[in-house]
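What follows is a short report on a single structure.
Each value in this text was obtained by applying a stated rule to the coordinates, not by laboratory testing. All values derive from a computational prediction rather than experimental measurement. As a convention, Cβ positions derive from the backbone with ideal geometry for all residues, glycine included, and neighbour counts pool all protein chains shown.
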Amino acid sequence: MEQSWRQAKGLFLTLLSAPLFWLVVFFIAPLSIVWLYSFGQNDGLVDIAFTGTWSNYAHAFSPLYLNIFVKSFWIAGLTTFLCLVIGFPVALAITFASDKLKPWLLLLVMLPFMTNLLIRTYALIAVLRTKGLINMGLEMVHNSVNGMTGGALGVFEPLALLNNNFAVVFGLVFVNLPFMILPLYSALDRLDKSLLEASLDLGAGHIRTLFNVVIPMAGAGIASGILITFIPALGSYLTPDLLGGPDSQMIANVIESQFKRANNWPFGAALSFLLVYLTFIAIAVQGVLEARARKRVA
Amino acid sequence: MTFPKIPASRRSILQGLGAAAMGISFGGLAGCEPAKKKLNFYNWDTYIGPTTLGDFEKATGTPVNMSLFASNDELFAKLKAGNSGFDVIVPSNDFVERMSQANLLMPLDHAKIPNLKNVDPAFLNPPYDPGRKFSMPYTWLVLGIGYNTKTMKDGKIPDSWKYVFDSDTYAKKIAWLSEAGDLVRLAAKYLGHSVNALDDKVLADVEALLTKQVKAGNILRFHSDDGQDLLAGGDVDVVIEYNGDIAQKKAEMPELDFVVPVEGSQFNADTLAIPVGAPMPDEAHAFINYLLDAKAGAAISTEIKYPTPNLAAKALMPDSYKNNPIIFPPAEALAKCEYAAFAGAEMAQKMEELITRVRAAAGMPAEEEA
């Protein structure tokens with residue numbers, strides 16, 4: 001039985017004080033200031049006056065910015081879906097791998113974290129660009145076929161893989177996949193394997209076992225995987241900026257330009273906090289779903 | 001096979017790495033010696049000679065500590081919160097205006113800067129700082145079209161903004177720079193207006209022009225001052241860029257070239273200034289004076305390859321620099337170029353939103369491709 005924190009209040013508070021201090025001073029306090037900015041107005045070039053105005057939020061709800069929010073949701077949602085579809089089999093494979101192999105596979109999943117996001121994104125550019133690895137490889141195949149057939153394929157046209165929305169989603173899936181695989185793996189790994197054997201013994205096929213036994217029991221892992229993939233994807237800034245085309249602006253890019261170039265901190269703060277509110281809502285929804293799932297199990 | 005280089009232009013590399021926010025410091029381990037007060041110099045990346053700071057210390061005994069910023073916005077944001085100890089900064093022309101309006105710059109004492117005599121008289125009374133009250137000229141830049149001579153249709157020089165703003169000749173092979181203000185002003189220039197005559201009518205015309213070009217799918221991307229790399233990598237054929245960036249790239253790739261379009265373009269200038277609250281104003285004046293010295297200036301220009309407004313320094317430079325048509329475009333092309341004045345915070349916000357609208361109009365993403 002775990003000991004309740006109430007029985008060791010002194011120790012609990014001592015241990016809590018440092019992280020609490022950190023949280024308040026470096027997270028809650030600065031964020032509160034930005035939150036106050038969102039109700040302020042520019043006063044000259046340098047100052048922001050706190051006027052309690054809602055005009056920043058009203059402006060943020062104009063169709064232009066709502067559309068960009070919708071677009072960001074689309075891209076983040078698609079990214080999350082693809083991560084789930086790709087990540088689930090990978091997590092399943094790691095779960096059923098031999099104990100010797102497992103740590104290595106997990107290490108492979110986490111390996112990209114050892115490189116800066118910017119470097120990984122530039123590496124993707126090297127692969128996807130007009131004279132990148134994929135197009136150069138295709139051109140080589142194309143030319144050798146042409147060489148054998150006497151130019152049957154015509155002139156090589158490189159694929160447009162970079163600077164479009166495809167590249168943005170591709171990049172986001174590439175970056176966020178580990179965030180999906182790890183919670184899925186930890187949920188699947190705890191699964192009682194004898195239940196799977198029972199299901200198979202009782203005549204269910206592999207597919208049916210997967211959908212009727214594995215997925216319902218891994219529900220919490222799937223939900224947290226979706227959440228921690230979706231939230232960073234929704235606020236992604238670097239990927240659309242570097243891999244995207246002219247239309248690939250996501251809400252974080254707009255926020256950046258409001259803070260930096262437009263020097264309109266109040267409006268940038270309002271847009272940022274809309275994103276924060278949406279994140280809270282997503283977490284709340286996940287909490288409700290999880291509670292409901294727990295009730296069903298119990 | 002060409003791999004993309006991490007863009008190393010003075011404006012973009014730190015921005016990308018996010019390191020600039022912290023201000024990388026190049027001070028040595030000075031703590032070991034009896035503390036000598038250091039002059040704090042806040043500069044762009046790759047924007048000083050390799051030995052300039054050491055030479056200044058040898059000449060005057062004042063050590064210099066250089067920190068780097070990646071954009072004028074960053075410089076402005078840092079100083080707007082109060083000067084935390086910078087003595088000399090390098091703002092661009094419109095920010096000289098903006099910062100002096102916000103009372104962030106200290107008036108310069110010309111008596112302490114005798115090397116002002118080295119500066120081209122054409123730079124002594126610019127519209128953004130009449131009489132050089134707040135700033136000394138360091139370098140200047142001009143926007144234009146960088147292009148690949150090998151891929152131009154009929155070998156023509158793309159000498160009009162038409163090729164980037166209003167034509168599908170190079171469809172999907174065009175990159176625009178992502179600075180909203182610059183983009184709007186250049187489009188206005190193409191439509192025959194001064195870069196400083198933007199009213200609502202002109203803005204509406206500019207928006208229609210840009211929206212049409214983006215919606216037609218002719219633009220590959222908005223680049224963050226790494227246009228020379230897109231050009232070198234074959235991703236685009238024409239790109240809006242600064243002359244210095246293309247000059248640097250042409251040294252590696254001779255087929256690249258640069259033209260100032262016939263409609264004229266926009267100048268930018270980077271300047272030396274002293275922020276209000278500088279701890280060492282005397283040494284700051286001495287440092288600015290040193291940077292305007294002929295020999296010191298020539299050493300800087302050799303390294304950074306941007307045009308210099310310092311005639312004495314230019315006289316010391318080799319012909320490959322002095323007669324480089326990219327670094328110093330022909331006079332008749334420059335005659336049509338203008339400096340952009342700072343048009344106020346509200347205008348900056350209007351232009352930013354205009355570009356946001358243009359990009360949003362390009363169509364909803366993701367459905368088709370994925």
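Adding -39500 (n - 2.57) for every DSSP H run of four residues or longer, then dividing by how many residues chain A holds, sets the calculated 222 nm ellipticity at -22000 deg cm²/dmol. Within segment B:98-181, the proportion of Cα pairs with more than 14 Å between them is 75 percent. Take A:236-245, B:349-358 and order them by the average number of nearby Cβ atoms within 10 Å per residue, most first; the result is A:236-245, B:349-358.
In the neighborhood of B:LYS38, defined by Cβ-to-Cβ distances under 11 Å, what is the net charge if each Lys or Arg adds +1 and each Asp or Glu adds -1? Result for the local shell: -1.
Farthest toward the positive end of the dipole of segment A:33-159, out of A:ILE125, A:THR80, A:HIS142, is the Cα of A:HIS142, where the dipole comes from beta carbon charges about the Cα centre.
Treating each Cα of segment B:66-137 as an identical point scatterer and summing with the Debye formula, the log10 of I(q)/I(0) at q = 0.13, 0.18, 0.21 Å⁻¹ comes to -0.40, -0.75, -0.98.
Over all projection directions, the Cα-based convex hull of segment A:169-250 averages an area of 6.2 nm². Legend: Rg and Dmax of segment B:162-282, from Cα coordinates, 16.8, 56 Å.
Projecting the Cα positions of A:MET180, B:ILE219, A:PRO216 onto the charge dipole of the protein assembly as shown (unit charges on Cβ atoms of Lys, Arg, Asp and Glu, taken about the Cα centre) puts A:PRO216 furthest along the positive direction.
Summing +1 for each Lys or Arg and -1 for each Asp or Glu among the other residues whose beta-carbon sits under 15 angstrom from that of B:ALA286 gives -2. Summarising the strand pairing of the protein assembly as shown, around 60 percent of its internal DSSP beta bridges are antiparallel. At the listed q of 0.29, 0.32 Å⁻¹, the Debye profile of segment A:118-166, built from one uniform point per Cα, gives log10 I(q)/I(0) equal to -1.01, -1.12. Dimensions of segment B:275-370 along the principal axes, based on C-alpha atoms and rounded to the nearest Å, stand at 59, 41, 32, largest first. Projecting the Cα atoms of A:TYR57, A:ALA262, B:GLY155 onto the charge dipole of the protein assembly as shown, computed from C-beta unit charges around the Cα centre, puts A:TYR57 farthest toward the positive end.
Summarised in one figure, the compactness ratio Rg/Rh of segment B:177-221, Cα atoms and Kirkwood Rh, is 0.97. Remark on segment A:115-261: Rg and Dmax equal 22.0, 65 Å (Cα only).
The gain in end-to-end length when the A:LEU195 to A:LEU101 segment is fully stretched comes to 31.5 nm, 0.36 nm per residue minus the alpha carbon separation.
Rounded to the nearest 10 degrees, the angle from helix B:200-215 to the longest Cα principal axis of chain B is 60 degrees.
When the GluC sites (Glu not before Pro) in segment B:246-344 are filtered for DSSP coil states and for at most 11 other beta-carbon atoms within 10 Å of their beta-carbon, the remaining sites are B:GLU252. Computed over the Cα atoms of the protein assembly as shown, pair by distinct pair, the Kirkwood hydrodynamic radius stands at 28.1 angstrom.
Comparing A:SER38, A:SER257, A:SER72 in a Gaussian network model of chain A (Cα springs below 10 Å), the most mobile by mean-square fluctuation is A:SER257.
When the chymotrypsin sites (Phe, Trp or Tyr not before Pro) in segment A:251-298 are filtered for DSSP coil states and for at most 11 other beta-carbon atoms within 10 Å of their beta-carbon, no site remains.
Across chain B, the convex hull enclosing all Cα atoms gives 156 Å³ per residue. For segment A:246-298, the Cα gyration tensor yields ellipsoid semi-axes of 36, 12, 5 Å (square root of five times each eigenvalue, largest first, whole Å).
Under the convention that each Lys and Arg Cβ holds +1 and each Asp and Glu Cβ holds -1, the size of the dipole of segment B:196-309 around its Cα centre is about 100 debye. Pairwise Cα distances in segment B:245-294 exceed 11 Å in 78 percent of cases. Taken residue by residue and averaged, Cβ atoms of other chains lying within 10 Å of the Cβ of B:356-362 number 6. Taking the square roots of five times each eigenvalue of the Cα gyration tensor of chain A, the equivalent ellipsoid has semi-axes of 38, 36, 18 Å, listed largest first.
Remark on segment A:71-178: hydrodynamic radius 16.5 angstrom, per the Kirkwood mean of 1/r across alpha carbon pairs. Within 10 Å of the Cβ of each residue in A:257-270, the mean number of Cβ atoms contributed by other protein chains is 5.
Per q in 0.16, 0.19 Å⁻¹, report the Debye log10 I(q)/I(0) for segment B:192-351, using one uniform scatterer on each alpha carbon and no solvent. For segment B:192-351 at q = 0.16, 0.19 Å⁻¹, log10 I(q)/I(0) is -1.17, -1.34. Each 10 Å bin from 0 upward holds the following percent of the Cα-Cα pairs of segment A:1-77: 15, 22, 25, 18, 16, 3, 0. Hydrodynamic analysis of segment B:76-222 uses the Kirkwood radius over alpha carbon pairs. Inserted into Stokes-Einstein at 4 °C and 1.567 mPa s, it gives a translational diffusion coefficient of 70 µm²/s.
For segment A:55-124, the fraction of C-alpha pairs more than 17 angstrom apart is 67%.
Simple point charges give the picture: +1 on the Cβ of Lys and Arg, -1 on the Cβ of Asp and Glu, and for chain A a dipole about the Cα centre of about 500 debye. Using all pairs of distinct alpha-carbon atoms, the Kirkwood hydrodynamic radius of segment A:207-298 works out to 15.7 angstrom.
Let me spell out the model: positive unit charges on the Cβ of Lys and Arg, negative unit charges on the Cβ of Asp and Glu, origin at the Cα centre of the protein assembly as shown. What dipole size does that give, in debye rounded to 20? Approximately 1300 debye in magnitude.
Taking Cβ atoms as reference points and 14 Å as the exclusive limit, the residues near B:TYR170 contribute a net charge of +1, counting Lys and Arg as +1 and Asp and Glu as -1.
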